[in-house]
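Notes to accompany the following structure.
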Amino acid sequence: MEDSPPAYDITYTNSQGFTKNHQMSIVGKVNNFTYEDLLQLADNNDIKREKAMQIMATTIDVVAEFRQRAKKLNIRKDLIDLVSGDLRLDLIEGYNINNG
């Protein structure tokens with residue numbers, strides 16, 4: 001299995017300075033991962049395609065709640081907007097999420 005990323009690499013980065021790129025790569029990419037890239041990562045690590053698809057859908061469902069959860073935590077609107085604008089909830093083509 002590929003090495004796990006350090007915690008700082010799976011948190012939000014604002015694409016400035018040293019945080020411009022992730023430190024880990026997925027199938028040779030450090031940015032702009034696609035759904036197929038993630039499926040390839042799963043295949044490379046003996047995770048069944050159906051299970052990988054389920055994990056990705058569940059993850060997107062949870063991440064889609066970011067705006068609502070951040071509001072409940074009284075996070076500033078400008079920060080919520082900044083992060084929300086970078087969330088790739090459309091990673092799964094045709095996957096429809098209401099990220100109100």
Fully extended contour minus Cα-Cα distance, from SER25 to ASP81, at 0.36 nm per residue
17.5 nm
Can you tell me the order of 58-68, 76-86 when each peptide is scored by its average per-residue count of other Cβ atoms within 10 angstrom, highest first?
58-68, 76-86
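Since every read-out is calculated from the coordinates, none of them should be taken as a lab result. Just so it is clear, the model here is predicted, and its values are computed rather than measured. Cβ sites come from the backbone with ideal geometry, for glycine too, and all protein chains shown count toward neighbours.
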